[in-house]
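**Q** The structure follows.
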Amino acid sequence: MTVCEAPGKVYLFGEHAVVYGEPAVPAAIERRARVTVEPRADDHVRVTAADLSLDGFTVEYAGTVDDPPDVNVPASLVDAAMGYVDAAVRQARAAADAPDAGFDITVESDIPLGAGLGSSAAVVVAGIDAATRALGVPLDRRELADRAYRAEFEVQDGQASRADTFCSTMGGAVRVAGDDCESIDAPSLPFVIGFDGGAGDTGALVAGVRALREEHDFAADTVASIGDLVREGETLLADADPTVSPSSELLDGLGELMDFNHGLLAALGVSARSLDSMVWAAREAGAHGAKLTGAGGGGCIVALDPSPETPTALSFTQGCVEAFRAELATDGVRVVEP
Ligand code: PMV
């Protein structure tokens, strides 16, 4: 039995613009997806997902997930969850040159699904890592991140950047621009997350931004401006000492850019009333800055505040179902000793 766990992430800056080659800076957070893999004697794959905000289901299938499993949850949720696990299995089989390998797989996750915290990337990264290790062919991190990206790319019909999968594999803060991915030094930032209980449709939101960008020069300029603010944010991080707590000057600087980033994302049509009201609640509570994280449309916001004010304010904000602090996850994917 092999167990691997990989972290979720928040976007400090740069979602959506990263799809067009602009840089983005996601940071891994201590909320993880855990995947347990046991090789089987046949070529079947049996997936148990107890904790994917689906009521809990177990399915066994051979080959692909073309035949929908008979379970009592909306087919779209099962398809989405199974699609990622199935793509991870395909990548692991290809990497290990074992096309007929079968697995019993258990997925557990404490990352809200589809809410901008990189739940699918974490499942894919931990799944490929555990499955290749179970087959005796562990991958180096770069190859693992690349295979996880290809799995997401396939499931999301090409609407995926390398940001989530690279960040979940490596941990810490990373910078992604097109195919260039690198880890960057960052101090442990006081992330506060507000969750509206919902999820956005990443494919539709990415397609919406693409259409706006093609139709209006000012929308293309908005995307380019996001790239500019990300570059400013990178400079602030590069000048900071990653070994000490961030100064309030640094938090003010990053927070201002996060506020600006949220405004530009809202202009591109990917915010939502619930996200805007959580962002404003955080700002009014004294957060250094706040923005939506991920594709938008619903899901999570991230704010910077070392004090208890923002989590408290969010917990009283209409539309916020959960508010929590998230530590920077310095470890990326890792093996869990049974
Ligand atoms: O909502 P998430 O965590 O899947 O993030 C989507 C981020 C986008 O930039 C909108 C798309 C991508 O793959 O980078």
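No value in this document is a laboratory result; all are computed from the given coordinates. Everything numeric here is computed off the predicted structure, so don't read it as measured data. Backbone-built Cβ (ideal geometry, glycine too); neighbour counts: all protein chains shown.
**Q** Find the centroid of the Cα atoms in the stretch 14-46 and in the stretch 230-259, then give the distance between the two in whole Å.
**A** About 26 Å separates the Cα centre of the stretch 14-46 from the one of the stretch 230-259.
**Q** Then there's this: For the chain, just the Cα atoms, rotate onto the principal axes and tell me the three extents in Å, largest first.
**A** Ordered largest first, the chain gives principal extents of 58, 40, 40 Å.
**Q** Before anything else, pin down the relative contact order of the chain: Cα pairs under 8 Å, at least 6 apart, normalised by residue count, whole percent.
**A** Relative contact order of the chain: 25 percent.
**Q** Read phi for every residue in the stretch 17-31 and hand back ³J(HN,Hα) as whole Hz from Karplus 6.51 cos²θ - 1.76 cosθ + 1.60, θ = phi - 60°, with x for Gly and Pro.
**A** 4, 4, 5, 9, x, 6, x, 9, 10, x, 9, 6, 10, 6, 9
**Q** By how many degrees, 0 to 90 and rounded to 10, does the Cα axis of helix 248-267 deviate from the longest principal axis of the chain?
**A** Approximately 70 degrees, to the nearest 10.
**Q** Taking H as built 1.01 Å from N, whose amide H comes closer than 5 Å to the amide H of residue 12, not counting residues under 5 places away?
**A** 25, 27
**Q** Rank by packing, highest mean first: peptides 222-228, 83-89, with packing defined as the count of other Cβ atoms within 10 Å averaged across residues.
**A** 83-89, 222-228
**Q** Same structure, new question: If you stretched the chain out fully between residue 30 and residue 211, how much longer would it get, using 0.36 nm times the residue separation minus the C-alpha to C-alpha distance?
**A** Length gained between residue 30 and residue 211: 61.7 nm.
**Q** Quick check: pseudo-label points 7 Å beyond the Cα along Cα→Cβ at residue 183 and residue 140, how many nm apart are they?
**A** Calculated label separation equals 1.4 nm.
**Q** Taking only DSSP H segments of four or more residues, each worth -39500 (n - 2.57), what value at 222 nm results for the chain once the sum is divided by all its residues, to the nearest 500 deg cm²/dmol?
**A** The helix-only estimate for the chain comes to -13000 deg cm²/dmol at 222 nm.
**Q** A further question follows. Treating the angle as unsigned and between 0 and 90°, give the value, to the nearest 10°, between the Cα long axis of helix 75-95 and the longest Cα principal axis of the chain.
**A** Its long axis makes an angle of about 70 degrees.
**Q** Quick one: angle between helix 273-284 and the longest Cα principal axis of the chain, in degrees between 0 and 90, rounded to 10, please.
**A** For helix 273-284, the angle is close to 50 degrees.
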